[in-house]
Amino acid sequence: MSQDILINWSPQETRVAVVEQGAVQEVHLERTLERGLVGNIYLGKVSRVLPGMQSAFIDIGLDRAAFLHVADLMPNIAAKHAAPRERPLTPSANEVDPAAAGVPVNAGAKLLAPNPVLPIERQIFEGQALMVQVLKDPIGTKGARLTAQISIAGRLLVFLPQDNHIGVSQKIPPAQREALRQRLVRLTATADGSPAGGFILRTNAEDATDEELVDDTAYLRKTWLRIKEAATRQPPATLLHEDLNLMQRVLRDLVGADTQSIRIDSREQHGLLVGFAAEFMPDTVGKLQHYSGERPIFDLFSIDEDIARALSRRVDLKSGGYLVIDQTEALTTVDVNTGGFVGARNFDDTVFRTNLEAAQAIARQLRLRNLGGIVIVDFIDMVRDDHREAVLTEFRKQLARDRVKTMTGGFSQLGLVEMTRKRTRESLAHMLSESCEACSGRGAVKTARSVCYDILREILREARAFNPREFRVVGSPKVIELFLDEERAHLAGLSDFIGKPISLQSESSMTQEQYDIVLL
């Protein structure tokens, strides 16, 4: 499917939109003061080891300590990929005999046991300097997720300097993978034929020449030498290597054979991007265009309007149905409704067509909003099994176009579809908005009457603890107005009960739930 990439650049922010068939599918943002950390390599310092969680907190110089799990330490990564070790048939005193456990064992067979995983407290210690790489940006109250397996992405290859594994992208057809792997083994071997680091062939390197692969290999190894040299000079909690900026990552990760054009509205940045592309990705130079139109570049496909709609809970469908999307810290829920769509034949057909359209819209919204983690989709209940299967097939087909890894289950007994989408960065809503000061993200505030009764109870507590001359209530105009009207009798009754006057003061800057009780 053909795509166009639009880049809107300003000194404070870079915005990228991926457009397919005239509709925005993805939006990427990078702000100068809030650049993402994924891919950055740090010399960290172990600040705390947690044996109970088999994890550690690592200080990499950020406000919050980053998180490292035992599975992301190099010895355990190597053990996971290594062949299972042989175990003798005669069990030790601490092992269970397979035959006694009811497991049939053939004569002369060898038992294969998983390689042991060393506990984290036997691998690292507090105060230790450790080279780590960011897997996931800090999200909400959670710190960055780290790995000790360093990987450096190039144009055609991903370099694994601590490993000797040679792999090929899973998106390349299986029939071609082994031939490409053997070719990569030959090109990346050292003079004596031994491997010097591992490499993974990226999808866009399927048709690369030997010369291009050798050049990318040399660039990645040179980068790794520079990182190692910096690690010997710099103190802990230091940045050793920063990933490419958003525009450069667009050329590296988003541009493919289907990309028709890459338009950028800054002449200066267009020149820099052309220079970068000419050195590392010469095939993309011809697709780069400087946009000099009078209209803002994002107005070409109404991208700003799509971004504004992506911050709303409700998404209207062309048929008249609509989606309701709610994002929480634990998961995201999507509810499908028929709305004003009444169909042309019968109810089953109406539900089926609405669900088919919703399957396409949901896949697009997940990409556009960059929603990750667990997603629960509540399609409208369908009676016919063939309708359910068709909707699920269409949903999986649309999700297959997503460059981010997704996993989808079938319909549950309650008629829900559960899926996961890999989360690597903040969602669009978290990047562009924050919790409401009035409701603290709840989406609702107490009624003015509820706040009035809270104030009355607070005055009664204060009167039992203190003996002021007068109580003064400072609150929002709506709350004060209610005290002067419908709640006047209750306020006067409390004043008589405590034997103290209660005065009122309206403060327009206060939200409905805010108030102060001043003792005079």
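Summary of values
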item: Given (1) touching a residue at least 60 places away in the same chain (Cβ under 8 Å); (2) within 30 Å of ARG145 (Cα to Cα); (3) of a type outside the set (A, V, I, L, M, F, W, C), index of the condition ASP454 fails; result: (2)
item: Of all residues making up segment 228-280, the number that are closer than 27 Å to PRO11 by Cβ and basic (Lys, Arg); result: 4
item: Lone unmet requirement of (1) among the hydroxyl-bearing types (Ser, Thr, Tyr); (2) surrounded by 15 or more Cβ atoms within 10 Å (Cβ to Cβ); (3) at pLDDT 90 or above for THR424; result: (3)
item: Enumerated strands (runs of 3 or more DSSP E) restricted to segment 7-80, each holding at least 3 residues that are more than 23 Å from GLN133 (Cβ to Cβ); result: 13-20, 23-31
item: Residues (over 14 Å from ASP454 (Cβ atoms) and under 52 Å from the mean Cα position of the chain (by Cα)) located in segment 481-501; result: GLU481, LEU484, ASP485, GLU486, ARG488
item: Every residue from segment 8-67 that is closer than 30 Å to GLN289 by Cα and of a type in the set (D, E, K, R); result: GLU13, ARG15, GLU20, GLU26, GLU30, ARG31, GLU34, ARG35
item: Check on ALA208, more than 24 Å from the chain's Cα centre (by Cα) and assigned by TED's automatic domain parsing to the domain that holds ASN164; result: yes
item: Odd one out for TYR219 among (1) in contact with a helix residue (DSSP H, G or I) (Cβ under 9 Å, 6 or more places away or on another chain); (2) not assigned by TED's automatic domain parsing to the domain that holds ALA144; result: (2)
item: Any hit, segment 248-255, residues being free of Cβ contacts under 8 Å to residues at least 60 places away in the same chain, assigned to a helix (DSSP H, G or I) and not charged (D, E, K, R); result: yes
item: Every pair of residues 6+ apart whose Cβ atoms lie under 6 Å, when the first sits in segment 166-177 and is assigned by TED's automatic domain parsing to the domain that holds ASP207 while the second is in a loop (DSSP other than H, G, I, E, B) and buried (at least 16 other Cβ atoms within 10 Å of the Cβ); result: SER169/ARG202; ILE172/GLU206
item: Among the residues listed as VAL132, VAL185, the single one being of a type in the set (A, V, I, L, M) and within 15 Å of ASP243 (Cβ to Cβ); result: VAL132
item: Subset tally (residues that are in contact (Cβ under 8 Å) with a residue 40 or more places away in the chain, assigned to a loop (DSSP other than H, G, I, E, B) and closer than 18 Å to THR354 by Cβ) for segment 310-330; result: 1
item: Complete set of residues in segment 313-346 that are among the basic types (Lys, Arg) and modelled with pLDDT under 80; result: ARG345
item: Residue satisfying all of: in segment 222-244; at pLDDT below 90 and under 29 Å from the mean Cα position of the chain (by Cα); surrounded by the fewest Cβ atoms within 10 Å (Cβ to Cβ) among these; result: GLU242
item: In segment 105-143, the residues that are of a type in the set (D, E, K, R), assigned to a loop (DSSP other than H, G, I, E, B) and either modelled with pLDDT under 90 or more than 29 Å from LYS228 (Cα to Cα) (or both); result: LYS110, ASP137
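The values are calculated or read from the model by the stated rules, or taken from the named source; none is laboratory data. From a predicted model like this one, the values you see are computed outputs, not experimental measurements. Virtual Cβ from ideal backbone geometry, glycine too; neighbours counted across all protein chains shown.
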